[in-house]
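Below: the structure, in structure tokens.
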Amino acid sequence: MKRKAVITVQGRDVAVISSNNEDYISLTDMIKAKDGDFFVSDWLRNRNTIEFWVFGKIYIILILIMANSP
């Protein structure tokens, strides 16, 4: 079960999501508080970020193929 809460850190709201007795903080909220929305959009366009996502997707596909092969 997921539960969403908000904590205030140095006057900024940061979302906290609880799932399976684990708490996760929103890195996006933390970055917005530091550098604003521009930093988030800039990070999403960063070549290293895109390469990381592509590598992760390929890695997951390979794992699924290996898990389903005889």
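The values are calculated or read from the model by the stated rules, or taken from the named source; none is laboratory data. Since this is a predicted model, take the numbers as computed values, not measurements. Backbone-built Cβ (ideal geometry, glycine too); neighbour counts: all protein chains shown.
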Query raised in the report: Quick one: which strands (runs of 3 or more DSSP E) sit completely within the chain and have at least 2 residues that are in contact with a Lys or Arg (Cβ under 8 Å, 6 or more places away or on another chain) and at pLDDT 75 or above?
Result: 12-19
Report summary line: With the first residue restricted to the stretch 49-70 and required to be surrounded by 10 or more Cβ atoms within 10 Å (Cβ to Cβ), and the second required to be in a helix (DSSP H, G or I) and of a type outside the set (Asp, Glu), Cβ contacts under 9 Å at 6 or more apart or on different chains are Thr49/Trp43; Ile50/Leu44
